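In what follows, a structure is listed as structure tokens, so that the remarks can point back to it.
Just so you know, all these numbers are worked out from the coordinates, no wet-lab data involved. The shown structure was predicted, so the numbers you read here are calculated from the model rather than taken from an experiment. Neighbour counts are summed over all protein chains in view; Cβ atoms, including those assigned to glycine, are modelled from backbone coordinates with ideal geometry.
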Amino acid sequence: MTAHERLHTRAWVLHPDIKSDEDRRAAKPALDEAVALAAALPDLEVIGANIVPLPRAQPGLLFGSGKIAELKQTFSENKIELVLVDGPVTPVQQRNLEREWKVKLLDRTGLILEIFSDRAATREGVLQVEMAALSYQRTRLVRAWTHLERQRGGLGFVGGPGETQIEADRRAIDTQLVRLRRQLDKVIKTRGLHRAARAKVPYPIVALVGYTNAGKSTLFNRLTGAEVMAKDMLFATLDPTMRRVQLPDGPEVILSDTVGFVSDLPTELVAAFRATLEEVLGADLIVHVRDISHPETAAQAAEVDSILSSLGVEQDRPQIEVWNKLDRLPEEERTALLARAERGAGVFAISALTGEGLELLLQEIAVQLRGARHEAQLHLKFEDGRKRAWLFDQDVVREETQTEDGFDLTVLWTARQAAQFAAL
């Protein structure tokens with residue numbers, strides 16, 4: 001065995017294409033994405049990948065017996081150590097398949113958790129990954145052991161085999177979750193203070209969002225000169241990175257690079273990583289970066305829009321759409337796309353890699369943000385407590401003086417916040 005083989009786990013990726021699932025994704029792009037997910041883990045070597053068409057999922061083994069035998073031979077011939085199933089696998093299915101194939105098995109959630117734990121860099125990111133992983137383990141712990149309770153004999157005086165251990169494991173996980181939640185609350189509070197301090201700086205915030213691997217980090221690096229990890233792999237960025245950028249003939253802005261979105265993101269992780277997208281909620285302008293060379297670019301864009309609206313980002317929030325990776329397109333397609341972008345309002349075709357189209361994009365960002373935040377003087381009466389609380393909640397108050405009949409306030413806000421305040 002070579003040193004290379006010793007260092008890397010030999011993996012195989014399966015995408016179950018379940019015909020009875022009406023919401024299923026197109027199989028080929030889904031398999032490609034799953035392989036790219038696997039490639040995001042440095043110690044995995046993907047030896048092979050295939051789509052497995054299924055009329056419906058089998059409750060105990062997911063696949064039919066003939067397919068299981070056929071795959072077993074493939075895995076044995078290729079010395080596979082880990083099988084990645086692109087989709088949900090129940091604890092019972094996982095245990096049965098591992099026993100049949102004599103390999104370790106991870107489902108889509110398990111794989112994404114592995115990537116998140118490998119990538120998370122900030123204290124908050126690390127804590128959130130740990131919590132998501134524990135929640136995931138807890139559900140598997142509970143369900144994976146139900147078969148033991150059915151096996152127990154006797155008169156019921158004694159718990160089923162392993163039951164005490166499960167209870168102890170669940171208690172240990174719950175204790176750990178409470179401890180992590182306390183630590184996370186402290187970290188989030190600190191970030192809230194940082195955000196409040198940033199709100200008092202008259203720099204508008206521009207948030208880069210997009211499907212994972214759309215090229216946000218490459219664009220961020222090119223605009224800021226920062227060395228954020230920018231590799232052609234999914235989930236390269238997991239923690240929001242903020243940098244100040246001076247726009248040509250425009251204001252100074254804070255640019256925020258965020259975690260990439262992905263379809264079917266496990267529920268544990270949607271909750272865990274909501275806070276890394278908080279910067280988007282406070283942004284004055286959202287720049288939606290799309291990989292325009294990807295065959296599923298329209299579906300990816302729809303996924304990003306749906307996640308943004310689920311986070312509570314309003315439809316009227318200023319947005320720019322960026323069609324990235326022009327350099328990957330054939331000349332004819334590229335020319336047609338540039339013509340389409342010129343016709344579409346708020347759409348810019350660029351290559352973050354070569355820098356093509358960036359000048360026009362930066363000009364548009366400057367136009368959108370000119371006067372994005374402005375100072376205003378307000379007077380509130382003592383009975384306007386709700387309005388005052390709203391202003392402080394928005395982190396827009398710069399100064400406040402109490403007068404005989406209320407408060408004089410200096411606020412720094414956007415036109416959108418001024419309109420929201422007027423509607424209170």
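The three principal axes of the C-alpha atoms in the stretch 26-130 carry coordinate ranges of 47, 29, 26 Å, sorted with the longest axis first.
Under Stokes-Einstein, with the Kirkwood radius over Cα pairs standing in for Rh, what whole-number D in µm²/s applies to the stretch 307-424 at 10 °C and 1.306 mPa s? Result for D is 90 µm²/s. Excluding residue 410 itself, calculate the net charge of residues whose Cβ lies under 10 Å from the Cβ of residue 410, where each Lys or Arg counts +1 and each Asp or Glu counts -1. Around residue 410, the charge tally is -3. Karplus-based coupling profile of the stretch 404-409, in residue order and whole Hz: 4, 10, x, 9, 9, 10, with θ = phi - 60° in 6.51 cos²θ - 1.76 cosθ + 1.60 and x standing for Gly or Pro.
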